[in-house]
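J.: Have a look at this one.
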Amino acid sequence: MKTEGPAKPDSKRAEPARAKTLPHRASEHRLSGIPVSPGIVIGQIYDTTEAPAEAARRSIAESNVEAERQRLTDAAAFSRKQVGKLKTRLSVLPEEAQEELEPLLDAYILMLGNSRLLRGARKRIGEELLSAETAVQDEAEAIATLILAAKDDDKSGLNRRAGEVREIARRLVRNLTATPFRSLKGVPVGAILICDELTPADAALLEPGRVAAVATEEGGADGHTAIMLRALGIPAVLGCPGLTAAARRGDQAVLDGGAGRITLHPTAEALAAAKEGLAAQAKERARLGKLRRLPAETTDGQQVELHANLEIPAELPLIAQAGAQGIGLLRTEFLFMNREDLPDEDAQVEAYRLIVEAMGQDPVTIRVLDWGGEKDMEALAQGVPVPTGPNPALGLRGIRLLLKKPELLEEQFAAILRVAHLGNVRILLPMVTVPREVAAAREIYERVARRLRRRGETLPEKLPPLGAMIETPGAALAADAIALEADFFAIGTNDLAMYTLAVDRAEIDVAHLYDPLHPAVLRLMQFAVEAALRLRMPVSVCGEMAGNAKLVPLLLGLGLRSLSMNASSIPRVKQAVRSLDIDDCARFARRVMEQSDPAVIAELVERFGQKEG
Ligand code: PEP
Ligand code: MG
């Protein structure tokens, strides 16, 4: 969970100075990270570290001086944390690189303390009534100009010092403005994009036809950025230490998303192996493509629903290609990302209409806004309580925020209800922890429906079902009570694992502890599934677990018959379903649930897969 201070920290940028100060390697160099989205790509590195951060000049009213100074203080604290974090990771780099980078990062940390840059910027805010970002830019330019004018023969030293001041100002400005990833616009077709960290909002801007692959220093396997990359079918390796220091724009590289590997300056043999891998990949794709029209049915005739998760409308064609039987999770956050104002009801209607119409009579499960945690959304900074507490993931996230700001929920319910008659819609509530939240949301839902009917809108006779995400241990253990209020459950194993194990799903330093196969997570899932099945209530899994073909025997064995996943996983999962017998799965799940060691469970899963495969 991110605990950093400022409202809109922009932690995704990389280290220009780092990339530029290191000697250029021309020999093969292999780096490893977390395998996040499979696929082999041979391409050229596009290093976003050279992106400039320039904020538009802005003045402020006198009454805002203190608030503006506070923004600057917060951004400086956040920037210090970022640089401090980079410093802790230096040990993974070669010694020569460490020696070069350590003093540089120390200088950055000093400049982010009570430095001339910050004191000067603070003064400009008050005296010249400038926004924090404009004040920082002006002060940095003034200092750089002075440095460059100094009488000193060491011109390159002066240039370097001026560059450092400008660089630290850029970091501050980026953190103050959370500017969208501007450099993405210039990405050449077929490039391997690299950066420190990519936020989910940045990932939403990627064009799969342009960006061939992504690799970052930060990030975990099941964070929203990882989910988005998988959804877009962009091969990716996240959490790859030393990457931005080692790679340069234009370097040739091979990225293997399935193996979590990046090879810079590959040798002829490495290139030949990658080409073989590409050919095998194409063959496998063609083979899986043939499964599209076959039913997802076990060998003993049990039907399993395979639905797709959708993060952005651009994925719709992928969903059709994959043979999904519906959308099991439409994350509506995309509507609120990369914009400065809130989308109104009509804008939402248009977005939902497109999706619902495209899916015909197949179910479309629309989850209302799940804002909070790592998903920062500029639009909501306007007039919505920003979850900046010490622990946003434990704060006003998901349904909690919507009940606190019911006008947001009302507008979204209204938009969804207005398209409900066009297809087969279901509505899902995120981050439910107590039954009362579902009841409160239902009251609003029914009130909105009555209002729309009075207004003469066409609504289905029976309102779409209202379901609850089960994604916290509290919700899982209270599933029997929540089941009395909700019409269906969708188990969000990404957050369930995060909250159960107290491990941030997007945090590289604890990625080794993030394990949805931990018995605690599985027991909570089992409890929730059984609570639903007792009431004959539909229940699905829509976390990333559902898209892992190796876990299908376990999930079916636990009683699940509905799985929702990123579209590209559907063929493999279908293949697994078609090879399984439900009684075998039930026996296997019983065996798994007797275990207490996650490693033993992982081993059992692996072995069952091999036996079947
Ligand atoms: C989950 O938490 O498993 C889930 C599906 O929701 P999200 O990944 O959007 O948080
Ligand atoms: Mg979730």
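J.: Checking residue 318 against (1) farther than 26 Å from residue 545 by Cβ; (2) part of a helix (DSSP H, G or I), only one condition comes out false. Which one?
T.: In the conditions (1) farther than 26 Å from residue 545 by Cβ; (2) part of a helix (DSSP H, G or I), residue 318 misses (1) alone.
J.: Any residue at all in the stretch 449-458 that's under 20 Å from residue 530 (Cβ atoms), crowded, with 19+ Cβ neighbours inside 10 Å and away from ligand 2 (no atom under 16 Å from the Cβ)?
T.: no
J.: Within the stretch 506-538, count every residue that is open to solvent by 10 Å² or more (accessible area, probe 1.4 Å) and within 16 Å of ligand 2 (Cβ to nearest atom).
T.: Residues meeting the conditions: 5.
J.: Answer yes if at least one residue in the stretch 484-504 is farther than 30 Å from residue 416 by Cα, open to solvent by 10 Å² or more (accessible area, probe 1.4 Å), in a loop (DSSP other than H, G, I, E, B) and within 14 Å of ligand 1 (Cβ to nearest atom), and no otherwise.
T.: Checking the stretch 484-504: at least one residue is farther than 30 Å from residue 416 by Cα, open to solvent by 10 Å² or more (accessible area, probe 1.4 Å), in a loop (DSSP other than H, G, I, E, B) and within 14 Å of ligand 1 (Cβ to nearest atom).
J.: Also, I was wondering about something else. Filter the stretch 321-357 down to the residues that are open to solvent by 40 Å² or more (accessible area, probe 1.4 Å), touching a Pro at 6+ places or on another chain (Cβ under 7 Å) and part of a loop (DSSP other than H, G, I, E, B) and list them by number.
T.: Result: 338, single match.
J.: Residues of the stretch 403-454 being assigned to a loop (DSSP other than H, G, I, E, B), more than 16 Å from ligand 1 (Cβ to nearest atom) and in contact with a strand residue (DSSP E or B) (Cβ under 8 Å, 6 or more places away or on another chain), which ones?
T.: Across the stretch 403-454, the qualifying residue is only 423.
J.: If you check 177, 199, 225, which single one turns out to be open to solvent by 10 Å² or more (accessible area, probe 1.4 Å) and touching an Asp or Glu at 6+ places or on another chain (Cβ under 6 Å)?
T.: Only one candidate passes the filter, namely 177.
J.: Before we move on, is residue 46 modelled with pLDDT of 90 or more, closer than 29 Å to residue 249 by Cβ and not aliphatic (A, V, I, L, M)?
T.: yes
J.: Condition (residue is open to solvent by 10 Å² or more (accessible area, probe 1.4 Å), at pLDDT 85 or above and within 13 Å of the chain's Cα centre (by Cα)) applied to the stretch 246-256: is it met by at least one residue?
T.: Taking every residue of the stretch 246-256 in turn, none turns out to be open to solvent by 10 Å² or more (accessible area, probe 1.4 Å), at pLDDT 85 or above and within 13 Å of the chain's Cα centre (by Cα).
Yes/no per residue for (1) in contact with a Pro (Cβ under 9 Å, 6 or more places away or on another chain); (2) touching a residue at least 40 places away in the same chain (Cβ under 8 Å):
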{"site": "257", "(1), (2)": "yes, yes"}
{"site": "262", "(1), (2)": "no, yes"}
{"site": "269", "(1), (2)": "no, no"}
{"site": "283", "(1), (2)": "no, no"}
{"site": "287", "(1), (2)": "yes, no"}
{"site": "313", "(1), (2)": "no, yes"}
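J.: Identify the residue in the stretch 459-474 that is more than 16 Å from ligand 2 (Cβ to nearest atom) and surrounded by 14 or more Cβ atoms within 10 Å (Cβ to Cβ) and, among all such residues, is nearest to the chain's Cα centre (by Cα).
T.: If we take residues in the stretch 459-474 being more than 16 Å from ligand 2 (Cβ to nearest atom) and surrounded by 14 or more Cβ atoms within 10 Å (Cβ to Cβ), then 466 is nearest to the chain's Cα centre (by Cα).
J.: Failed condition for residue 188, given (1) open to solvent by 20 Å² or more (accessible area, probe 1.4 Å); (2) in a helix (DSSP H, G or I); (3) within 20 Å of residue 247 (Cβ to Cβ), with all others met?
T.: Single failed check for residue 188: (2).
J.: Looking only at the stretch 479-505, count every residue that is farther than 27 Å from residue 411 by Cα and out of contact with any helix residue (DSSP H, G or I) (no Cβ under 7 Å at 6 or more places or on another chain) and tell me the total.
T.: Counting residues in the stretch 479-505 that are farther than 27 Å from residue 411 by Cα and out of contact with any helix residue (DSSP H, G or I) (no Cβ under 7 Å at 6 or more places or on another chain) gives 2.
J.: Among the residues of the stretch 537-544, is any part of a helix (DSSP H, G or I) and within 30 Å of residue 317 (Cα to Cα)?
T.: Yes, the conditions are met somewhere in the stretch 537-544.
J.: Another question, if that's okay. So is residue 284 open to solvent by 60 Å² or more (accessible area, probe 1.4 Å) and out of contact with any Phe, Trp or Tyr (no Cβ under 6 Å at 6 or more places or on another chain) or not?
T.: It is false that residue 284 is open to solvent by 60 Å² or more (accessible area, probe 1.4 Å) and out of contact with any Phe, Trp or Tyr (no Cβ under 6 Å at 6 or more places or on another chain).
J.: Of everything in the stretch 590-606, what is open to solvent by less than 60 Å² (accessible area, probe 1.4 Å) and touching a residue at least 60 places away in the same chain (Cβ under 8 Å)? Give them in sequence order.
T.: Scanning the stretch 590-606 gives 592, 593, 595, 598, 601, 602, 605.
J.: Tell me yes or no: at least one residue of the stretch 561-581 is over 23 Å from residue 292 (Cα atoms) and either in a helix (DSSP H, G or I) or not aliphatic (A, V, I, L, M) (or both).
T.: No, that holds for no residue.
The values are calculated or read from the model by the stated rules, or taken from the named source; none is laboratory data. Treat the numbers as computed from the prediction; the structure is a model and nothing was measured. Positions of Cβ are backbone-derived with ideal geometry, glycine not excepted, and every protein chain shown enters the neighbour counts. SASA here: full protein model, heavy atoms, side chains in, ligands and nucleic acids out. Shrake-Rupley method; radii C 1.70, N 1.55, O 1.52, S 1.80 Å.
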